[in-house]
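The values are calculated or read from the model by the stated rules, or taken from the named source; none is laboratory data. Bear in mind the structure is a predicted one, so any value in this text is a computation, not a measurement. Glycine gets a Cβ as well: all are built from the backbone with ideal geometry, and neighbour counts include every protein chain shown.
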Amino acid sequence: MILSKNISKSTGSVFSGKNLIAHGAIVVRNEGLSVLSLGNTLKATMSFEKERDYQRCRARIEALCEGSDDQIAKMASIVGVLHNEMNDFFWTGFYRVVEGRLVIGPYQGTVGCLSIEIGKGVCGTAAARGKTQVVEDVHDFPGHIACDERSKSEIVVPVTDESGALIAVLDVDSVEKGAFDEIDRECLEGIVAHVFGGAMTH
Ligand code: SME
């Protein structure tokens with residue numbers, strides 16, 4: 001589509017080496033090339049990169065956890081990989097079900113609360129409902145427990161074993177609002193289901 005004498009617009013992809021860095025509307029000017037519709041283009045690019053990062057993490061986690069039947073060792077390995085490899089993971093950790101409460105397990109990040117009542121906060125809600133909670137803005141979640149004021153968004157995934165019993169929740173916090181979406185839900189649920197033998201919660 002010709003927009004003016006020196007500017008035309010079409011759809012295409014921008015590569016850096018082999019990596020797709022943008023896809024969508026591009027505009028060609030007489031002095032060079034720039035990307036239009038940056039919002040959607042960037043979102044598509046970020047989703048693509050996030051899925052690729054999760055695939056790499058999952059392969060590492062599967063290799064690390066293979067043959068281990070120690071739950072804490074496996075939780076520590078999952079946290080070690082995800083926290084250090086994924087963008088925006090400010091706090092990454094497990095709360096384990098111990099005598100009817102959630103008690104902190106392996107984690108990385110700033111100091112977390114030691115224990116949480118089932119039904120309370122984002123973690124306790126995920127545990128009580130057996131359903132992943134994706135919280136775009138923690139200030140909008142009634143009863144959110146702030147372990148670190150800098151956390152702005154959060155995802156909490158219930159973890160079950162082969163018998164379907166709830167053994168823990170996996171909690172990830174970000175300092176960015178809206179950091180987590182369906183991709184995070186699906187990939188994190190997939191990782192914990194694979195490692196601990198439970199079913200996907202969806
Ligand atoms: N925000 C959580 C508490 C745990 S910390 O984020 C590490 C909640 O509301 O359950």
Note to self: Being among the aliphatic types (A, V, I, L, M), surrounded by fewer than 18 Cβ atoms within 10 Å (Cβ to Cβ) and in contact with a helix residue (DSSP H, G or I) (Cβ under 8 Å, 6 or more places away or on another chain) narrows it down to one residue among ALA128, ALA168, ALA146; which is it?
What the structure shows: ALA146
Notebook entry, point to check: Identify, please: which residue in the stretch 93-123 is within 18 Å of the chain's Cα centre (by Cα) and outside any loop (DSSP other than H, G, I, E, B) and is, among those, surrounded by the fewest Cβ atoms within 10 Å (Cβ to Cβ)?
Noted result: GLN108
Margin query: Any residue at all in the stretch 56-75 that's more than 16 Å from the chain's Cα centre (by Cα) and on the phi > 0 side of the Ramachandran plot?
Written below: yes
Notebook entry, point to check: Of the residues that sit in the stretch 112-130 and are under 11 Å from ASP171 (Cβ atoms) and among the β-branched types (Val, Ile, Thr), which one is nearest to the ligand (Cβ to nearest atom)?
Noted result: VAL122
Checklist line | Hits in the stretch 151-177 (condition: outside any loop (DSSP other than H, G, I, E, B) and either at pLDDT below 95 or more than 10 Å from the ligand (Cβ to nearest atom) (or both)) | finding: SER153, ILE155, VAL157, PRO158, VAL159, THR160, LEU166, ILE167, ALA168, LEU170, SER174
Next item on the list: With respect to GLN133, determine if the residue is within 13 Å of the ligand (Cβ to nearest atom) and buried (at least 20 other Cβ atoms within 10 Å of the Cβ).
Entry: yes
Note to self: Of the conditions (1) crowded, with 18+ Cβ neighbours inside 10 Å; (2) under 19 Å from GLY178 (Cα atoms); (3) more than 10 Å from the ligand (Cβ to nearest atom), VAL138 satisfies every one except a single condition; which number is it?
What the structure shows: (3)
Check: Before we move on, is ASP148 at pLDDT below 95 and near the ligand (Cβ under 10 Å from one of its atoms)?
Finding: yes
Notebook entry, point to check: assigned by TED's automatic domain parsing to the domain that holds ASN87, within 20 Å of HIS83 (Cα to Cα), in contact (Cβ under 8 Å) with a residue 12 or more places away in the chain and near the ligand (Cβ under 9 Å from one of its atoms), is that true of ASP181?
Noted result: no
